[in-house]
Amino acid sequence: MHHFALSGGALQAEAVPLATIAEAVGTPVYVYSAATLRRHARALTDAFAAHEATLGRPLIAFAVKAASNVSVLKVLAGCGLGADTVSEGEIRRALAAGVPADRIVFSGVGKTDAELAFAVGLGLRQINVESTVEMERLAAVASQAGGVPDVAVRVNPKIGAGGHAKITTGGEGDKFGVPVEEALDLYRRFGRDPRVNLVGLACHIGSQITELSPLRGAFGVLAEMTRTLRAEGLDVPRLDLGGGLGVAYAGDDPTAPLAEYAAMVAETVGDLGVAVTLEPGRLIAANAAVLLARVIQVTERGDGRRILVLDAAMNDLLRPALYDAFHDLVPIAPRDGDALPHDVVGPVCETGDTFARDRPLPPLEAGDLVAFTGAGAYGATMASEYNSRPLVPEVLVDGDRWAVVRKRPTYDEMLAREPAADWL
């Protein structure tokens with residue numbers, strides 16, 4: 001469910017007409033609904049509340065990479081969510097949003113020594129180590145920094161899943177995590193090392209997952225590893241189960257069943273007495289935002305093809321070009337008339353700057369406002385200034401209030417970031 005709906009014949013975000021935002025801020029622009037963010041956070045929390053006797057209260061650490069705007073993170077922090085981060089910058093964003101350090105997880109395969117030292121100094125919830133060499137580096141950094149970080153070993157269970165090959169992260173050939181036998185040896189080797197505090201195992205097998213069986217298999221691997229390590233006298237108090245639950249981008253898409261997911265987690269790891277961490281991103285953010293754009297022109301070719309040219313481009317919403325991802329496109333003020341097929345494109349000089357081909361759309365004219373739905377996850381975070389197009393701004397709506405939470409830079413501001421070399 002989301003809070004974007006027609007009212008008086010025009011699309012609104014909660015109680016704010018999208019046309020009002022477009023007039024004040026310009027287009028393209030991302031518009032987030034705080035009510036939707038809160039609802040999705042609450043839906044996941046409620047699903048696990050039914051299993052509190054078995055699982056306790058899981059730490060729900062929002063995947064900052066999905067939607068990293070500080071105001072978005074503030075809304076979610078207000079719901080009690082922590083943060084899953086993959087860089088020092090994301091850690092700093094989470095802290096700026098009010099997420100306590102002990103509710104921040106630091107993941108990622110390429111943490112630098114400087115980032116590790118930063119994380120050790122903060123006393124984060126845990127650092128998820130993804131290789132033997134990273135564990136060795138972390139132990140050395142921690143010793144030098146004088147801290148003892150809580151650490152989990154991210155396991156590659158050889159079970160990959162996701163909506164696209166580029167977002168599948170748990171398969172045998174993927175770069176993430178440590179193979180099971182190596183992970184067991186790594187835990188044995190560092191489980192009593194005074195430089196680090198091994199607190200558990202982690203996994204994350206992919207994104208946009210709507211079928212629970214791969215997740216059940218991966219969690220089963222972690223459960224069996226936990227029993228093996230405990231039998232050898234090693235403590236495994238936590239399991240980080242990652243994220244990856246999918247959402248509907250089109251009306252007939254399946255969604256991840258939250259109640260069944262929570263029950264499956266309880267069934268798979270509930271008898272272990274572990275503290276569970278979850279790392280949802282897309283599940284919470286995707287349907288909480290739209291990308292608002294304006295029609296530049298409609299071009300009709302001699303072969304009958306209609307090309308809808310928007311002022312939004314692949315640098316504003318990369319997912320269709322990168323993943324062949326589907327985003328519905330809806331008019332802000334729909335007109336009556338038959339839907340006709342259109343190729344939907346942006347102004348960037350790439351053939352890949354195509355959002356859809358042969359998409360049935362109602363009548364549209366130059367100047368009309370349209371919205372890409374489901375744009376809240378991996379939309380603004382992946383945006384760029386390719387073709388020297390100003391970075392797309394972000395707006396947060398909360399009831400009848402709204403604010404620009406990332407402004408569009410001016411051309412002068414863009415150029416000021418690039419001082420010429422002093423010899424030119």
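Judged by the mean number of other Cβ atoms found within 10 Å, the most tightly packed of the peptides 357-363, 15-21 leads the ranking 15-21, 357-363.
Taking all Cα pairs closer than 8 Å and separated by 6 or more residues, the relative contact order of the range 14-143 comes to 17 percent.
Principal axis extents of the C-alpha atoms in the range 36-109 (largest first, rounded to whole Å): 36, 27, 19. DSSP beta bridges confined to the chain are antiparallel in about 50 percent of cases.
Only one residue of 58, 327, 399 has its Cα farthest out toward the positive end of the dipole of the chain, where Lys and Arg carry +1 and Asp and Glu -1 on Cβ, and that residue is 58. Can you pull the percent of the range 244-392's accessible area that's carbon plus sulfur, 1.4 Å probe, other chains left in place? After summing per-atom areas, the C and S share lands at 50 percent.
Within the shell defined by Cβ-Cβ distances under 15 Å, the residues around residue 348 carry a net charge of -4, with Lys and Arg each +1 and Asp and Glu each -1.
So if I average 1/r over every pair of distinct C-alpha atoms in the range 354-424 and take the inverse, what Kirkwood radius in Å does that give? That comes to 15.9 Å for the range 354-424. Applying Stokes-Einstein at 4 °C and 1.567 mPa s to the Kirkwood radius of the range 208-291, computed over alpha-carbon pairs, gives a translational diffusion coefficient of 92 µm² s⁻¹. The mean of 1/r over all distinct Cα pairs in the range 306-416, once inverted, gives the Kirkwood hydrodynamic radius of 15.3 Å. Quick one: net charge around residue 307, please, counting Lys, Arg +1 and Asp, Glu -1 for every other residue with C-beta under 9 Å from its C-beta. Residues close to residue 307 contribute a combined charge of +1. Of the beta bridges in the range 286-364, as assigned by DSSP with both residues counted there, near 75 percent are antiparallel.
Peptides 375-386, 299-310, 278-289 ranked from most to least packed give 278-289, 375-386, 299-310, packing being the mean of other C-beta atoms within 10 angstrom over each peptide's residues. So for the chain, considering every pair of alpha-carbon atoms, how many percent are separated by more than 30 Å? Everything past 30 Å amounts to 46 percent.
The values are calculated or read from the model by the stated rules, or taken from the named source; none is laboratory data. This one's a predicted model, so the numbers in the text were calculated from it and none came from an experiment. All Cβ positions, even for glycine, are placed from backbone atoms using ideal geometry, and neighbour counts span all protein chains on display. We work out accessible area using only protein heavy atoms, side chains counted, and drop any ligands, DNA or RNA first. Shrake-Rupley method; radii C 1.70, N 1.55, O 1.52, S 1.80 Å.
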